[in-house]
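Enquirer: There's a structure below that I have some questions on.
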Amino acid sequence: MYEIDDTITPYYELRTTNYELVRYIAPYKLQTTNYELTMYDINDTIAAVSTPPRGIKATAMSIIRMSGPRVFEILTRFFRPEKEITKRGVVKGKIRIDDELQIEAGVYAFFGPNSYTGEDLAEMHIFAAEVVVQRILSKLFAEARPAGPGEFTLRAYLNGKMDLSQAEAVAQVVAGSNRLQLEAARKLLAGRLCRTTTAIRRELLDLLSLIEAGLDFAGEDIEFVSAQKAVGAVSALRKRLEGLLAGSIRYEQEIHLPAVGLAGATNAGKSSLLNALIGKDRSIVSPQPATTRDVLTGVLELDRCNCALFDCAGLLPEENRAGVLDNLANEAATRAINNAQLVLLCVDVGKSDYAEDIVIRTYFSPKELMYVATKCDLLDTERLKQKTNRLEKLFDTRFITTSALTGEGLEGLTKLIERALLKSTAAASEAADKIAVTQRHRNVVLEAMKNLTDAADQIKTGNDEVAAMLLRAAYEQLGGLERENVDDAVLEKIFSSFCIGK
């Protein structure tokens with residue numbers, strides 16, 4: 001459907017590349033769109049590490065990705081393959097870093113246009129320390145340019161390997177943290193959004209051609225389409241767009257990690273619990289009360305999803321606050337807790353008086369609340385049972401007994417957290433027909449829907465010329481979801497949000 005005009009010679013002005021995308025619908029050439037991207041020179045050979053940095057979804061293997069016209073020329077300078085790289089596939093060999101250091105590597109070779117980017121592309125799979133990977137990169141960067149954020153996917157888009165919504169889905173898949181997000185992003189990556197809008201655009205173009213034909217033969221007694229049928233067709237198309245939005249999840253809302261807050265009185269063991277759950281010292285732990293003033297956050301990795309676990313200042317009844325700092329800390333804590341998807345109310349089970357905990361419970365209204373008895377290691381079995389029973393009667397709910405010191409109850413607590421998050425995020429079956437759409441997608445579809453509504457009104461009043469303009473506007477707006485009518489500023493905004501190496 002789209003062709004790139006290869007006869008145009010690129011010129012360069014600083015880091016600017018000028019090129020043309022020529023659009024075709026059926027056999028008719030509609031228009032030529034000029035793009036001038038100031039982001040990258042797309043004729044460079046680029047390189048980057050495409051695996052996450054060590055410590056973030058850490059991996060023992062590093063992948064260095066290269067794309068561009070000089071990929072295999074550059075590889076021959078320091079990679080010694082066991083056999084010549086002549087076709088698509090994997091070749092084992094050794095990377096020579098210096099006279100004394102060589103490491104084994106596997107190179108996956110892809111020749112353009114049959115590659116992810118549409119260009120010659122190679123991936124070096126290396127089992128080596130981070131310092132070794134960085135030395136390999138430094139050698140590469142003597143010959144190739146460091147890739148910018150999303151540049152590999154940008155090249156795939158520019159070379160017609162994917163439409164724009166599929167390119168955006170790559171970033172969504174990378175960032176997805178639960179099954180719902182990944183399934184919805186996978187459908188977007190598979191092109192489902194654009195398959196739907198392409199079918200709508202095709203019908204829109206058919207209707208537009210009939211209305212414009214009627215305008216061309218306005219002086220003759222020929223009716224290409226009746227007003228009633230045209231209004232019905234426009235309304236049906238608008239309804240399909242409305243259904244598309246209804247059957248989607250908003251990516252910006254879903255892709256962020258769900259927040260789980262630890263709330264409770266000062267010195268209730270919240271900081272120790274957070275550190276024990278995430279496996280590192282994120283919060284300051286002290287026997288002194290009120291040592292946490294700010295909202296501190298860490299990522300809790302669960303089996304089927306992740307969440308942002310945060311610990312904030314211990315809450316105080318108003319009469320126990322010492323001054324402005326206590327008031328500000330309580331306000332920040334309450335605000336964070338009320339925005340959380342799930343709150344764990346922590347109560348020191350060994351206390352003699354739970355009056356302040358009962359008062360603190362009234363300070364917030366979370367979406368979902370779980371009650372946690374902390375510091376259970378300080379009590380013997382019989383005393384713990386008595387105190388837990390008392391707590392459950394006072395709060396009229398079940399408490400989960402835990403110890404940050406011994407780890408007692410933590411496994412059960414994490415399972416309950418995961419169950420609550422999956423339930424609130426939505427069951428997997430609910431995602432079956434959903435696509436992850438960004439705010440950009442929604443804005444485009446909403447604008448097209450408005451133009452269709454206005455076009456139907458104009459057809460009813462007999463103003464077919466204005467109706468045709470509105471239908472064409474809707475047609476071109478929906479084209480912005482794929483490849484046509486995409487402003488270079490939109491491209492820059494989309495791809496600059498990607499990770500390096502993607």
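Table: residues versus (1) farther than 23 Å from residue 260 by Cα; (2) surrounded by fewer than 18 Cβ atoms within 10 Å (Cβ to Cβ); (3) modelled with pLDDT of 90 or more; (4) not assigned by TED's automatic domain parsing to the domain that holds residue 342.
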residue	(1), (2), (3), (4)
386	yes, yes, yes, no
405	no, yes, yes, no
421	no, no, no, no
438	yes, no, no, yes
453	yes, yes, yes, yes
457	yes, yes, yes, yes
461	yes, yes, yes, yes
464	yes, no, no, yes
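Enquirer: How many residues does region 80-106 contain that are assigned to a strand (DSSP E or B) and either touching a Phe, Trp or Tyr at 6+ places or on another chain (Cβ under 9 Å) or within 12 Å of residue 122 (Cα to Cα) (or both)?
Expert: Summing the residues that are assigned to a strand (DSSP E or B) and either touching a Phe, Trp or Tyr at 6+ places or on another chain (Cβ under 9 Å) or within 12 Å of residue 122 (Cα to Cα) (or both) in region 80-106 gives 11.
Enquirer: Also, I was wondering about something else. Quick check, is residue 88 surrounded by 14 or more Cβ atoms within 10 Å (Cβ to Cβ) and in contact (Cβ under 8 Å) with a residue 12 or more places away in the chain?
Expert: No: the conditions fail for residue 88.
Enquirer: Same structure, new question: Take region 128-156 and flag every residue that is under 19 Å from the mean Cα position of the chain (by Cα) and of a type in the set (Asp, Glu).
Expert: Across region 128-156, the qualifying residue is only 151.
Rundown of residues vs (1) in the same structural domain as residue 267 (by TED's automatic domain parsing); (2) acidic (Asp, Glu); (3) at pLDDT 85 or above, yes/no style:
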residue: 294; (1), (2), (3): yes, yes, no
residue: 302; (1), (2), (3): yes, no, no
residue: 311; (1), (2), (3): yes, yes, no
residue: 317; (1), (2), (3): yes, no, no
residue: 323; (1), (2), (3): yes, no, no
residue: 332; (1), (2), (3): yes, no, no
residue: 335; (1), (2), (3): yes, no, no
residue: 348; (1), (2), (3): yes, yes, yes
residue: 354; (1), (2), (3): yes, no, yes
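Enquirer: Now a separate question. Among the numbered conditions (1) of a type outside the set (Ser, Thr, Tyr); (2) part of a loop (DSSP other than H, G, I, E, B); (3) modelled with pLDDT of 80 or more; (4) not assigned by TED's automatic domain parsing to the domain that holds residue 404, tell me where residue 221 comes up short.
Expert: The number of the failed condition is (3).
Enquirer: Residue 414 versus (1) over 33 Å from the mean Cα position of the chain (by Cα); (2) part of a helix (DSSP H, G or I); (3) among the polar types (S, T, N, Q): which is the lone unmet condition?
Expert: For residue 414, the failing item is (1).
The values are calculated or read from the model by the stated rules, or taken from the named source; none is laboratory data. The structure displayed is predicted, hence computed values, not measured ones. Counting neighbours? That spans all protein chains shown, and the Cβs are built from the backbone with ideal geometry, glycine included.
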